[in-house]
Amino acid sequence: MDYSKYISLFWHEVAAQNKEKLADFFNEDAEIIWPNTNERFTKAEYLIANCDYPGSWVASVKKVDKIDNNHFISVTTVHLNDYSVSFYTISYFTFIEEKIANLEEYWSENGEAPQWRQDKKIGTPLL
């Protein structure tokens, strides 16, 4: 299986908030973890958290790295259609029998550098 393509398709369905298609990516007993907010979800709970989230979303996979045959990392940007909210998301996937068995995600809201770093005039913009 081409997991890079599979992960890109997964993110397409995440952005589309398509509950039925998104459900097909997961094992029935999949575990989804969001450490930033101290949350653990079942497959059913993840589908609610993702698909009932307000707004119309766009996701763009920046890269997928293979750790081994069953473990992959993706870097994805996700934003509302109007760009009023945007995130970088780092996702660690564990696959069993070509389905997601474990997904650990770190969502970080995009924004300006903290004021203290701006005051020190350190760093340069990426874009």
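Some values worked out for this structure:
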quantity	calculated
Some residue of the stretch 40-55 being small (Gly, Ala, Ser) and at pLDDT 95 or above	yes
Residue satisfying all of: in the stretch 32-48; touching a residue at least 12 places away in the same chain (Cβ under 8 Å) and of a type in the set (A, V, I, L, M, F, W, C); surrounded by the most Cβ atoms within 10 Å (Cβ to Cβ) among these	Ile32
Unmet criterion (only one of (1) modelled with pLDDT under 95; (2) at positive phi) for Ala113	(2)
Where Lys66 falls short, out of the listed (1) without any contact (Cβ under 8 Å) to a residue 60 or more places away in the chain; (2) within 17 Å of Lys5 (Cα to Cα)	(1)
Matching residues, the stretch 87-116, being within 28 Å of Leu127 (Cα to Cα), of a type in the set (Gly, Ala, Ser) and surrounded by 15 or more Cβ atoms within 10 Å (Cβ to Cβ)	Ser91
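The values are calculated or read from the model by the stated rules, or taken from the named source; none is laboratory data. In this text the structure is predicted, and so the values were computed from the model without any measurement. No Cβ is skipped: glycine too gets one built from the backbone with ideal geometry, and neighbour counts run over all protein chains shown.
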